[in-house]
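**Q** Quick one: the structure is below, and I'll ask about it shortly.
The values are calculated or read from the model by the stated rules, or taken from the named source; none is laboratory data. Predicted model only: the values in this text are computed from it and were never measured. Cβ placement follows ideal geometry from the backbone for every residue including glycine, while neighbour counts extend to all protein chains displayed. SASA here: full protein model, heavy atoms, side chains in, ligands and nucleic acids out. Shrake-Rupley method; radii C 1.70, N 1.55, O 1.52, S 1.80 Å.
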Amino acid sequence: MNVPQLRLESTNAKIGLDIQQPVQEIQQAPADLQIKQPKAELEVNRTPSQLTIDQTEAWADMDLKHISRRIEEFAQKGYEDWLSGLARMSQEGDDLMRVENGGNPIADHAKMNSESLIYELNIGFIPSANSVKIDYRPSEVQLNWKTHKPEIDIKINRPQHQYTPGKVNVSMEQMSSLTINWTT
């Protein structure tokens, strides 16, 4: 027996897509930077050190004196000798004036004036200790400086941006279909 049949034939629809990708271009130039650093100013003030050595007394101990000092010493010695001679003569005059007290003042004076002086001998060091005077002043240093801040100049460059949007074109490449057949 033949049974009637229903036949269905279908085809699927096909969609075509034409896709253009988006394009994005970004360029970033670096910033323009200029830096200037002025030099620092430095000023140095220095007083030199000073060493003073005074050997005047050491030379005098060795009897090597300046003429002005010799003249001053001789004048002082002469003045002292004159005063001691004046005192001696005054004392001798007083002795002669008092003859009534007894004694022989003329003979005593002659004996005193004729005796030689007794010189003392002693060991001495030439030049004497601490006869050289030393004075030292150290140097002084003053530093004055002035710093300057850096000069910074910055120019920012904006980014360059280009964008092309993408496109999608949709097309129907194949339509869907349904075929129905009746067969016996």
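**Q** Would you mind finding the one in Glu80, Glu57 that is surrounded by 10 or more Cβ atoms within 10 Å (Cβ to Cβ), without any contact (Cβ under 8 Å) to a residue 40 or more places away in the chain and not aromatic (Phe, Trp, Tyr)?
**A** None of the other options fit; the residue is Glu80.
**Q** Separate question: What residue, among those in segment 140-184 that are of a type in the set (S, T, N, Q) and open to solvent by 100 Å² or more (accessible area, probe 1.4 Å), is nearest to Glu9 (Cα to Cα)?
**A** Looking at residues that are of a type in the set (S, T, N, Q) and open to solvent by 100 Å² or more (accessible area, probe 1.4 Å), I get Thr184.
Table: residues versus (1) within 56 Å of the chain's Cα centre (by Cα); (2) within 30 Å of Arg137 (Cβ to Cβ); (3) surrounded by 10 or more Cβ atoms within 10 Å (Cβ to Cβ).
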| residue | (1), (2), (3) |
| --- | --- |
| Val3 | no, no, no |
| Glu9 | no, no, no |
| Ala13 | no, no, yes |
| Ile26 | yes, no, no |
| Gln34 | yes, no, no |
| Gln37 | yes, no, yes |
| Ala40 | yes, no, no |
| Asn45 | yes, yes, no |
| Pro48 | yes, yes, no |
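**Q** Select the strands (runs of 3 or more DSSP E) contained entirely in segment 114-184, then report the ones holding at least 2 residues which are at pLDDT 90 or above and either touching a strand residue (DSSP E or B) at 6+ places or on another chain (Cβ under 9 Å) or closer than 30 Å to Ala58 by Cα (or both).
**A** 133-137, 140-146, 151-155, 160-164, 167-174
**Q** Among (1) at pLDDT 90 or above; (2) assigned to a loop (DSSP other than H, G, I, E, B), where does Asp63 come up short?
**A** (1)
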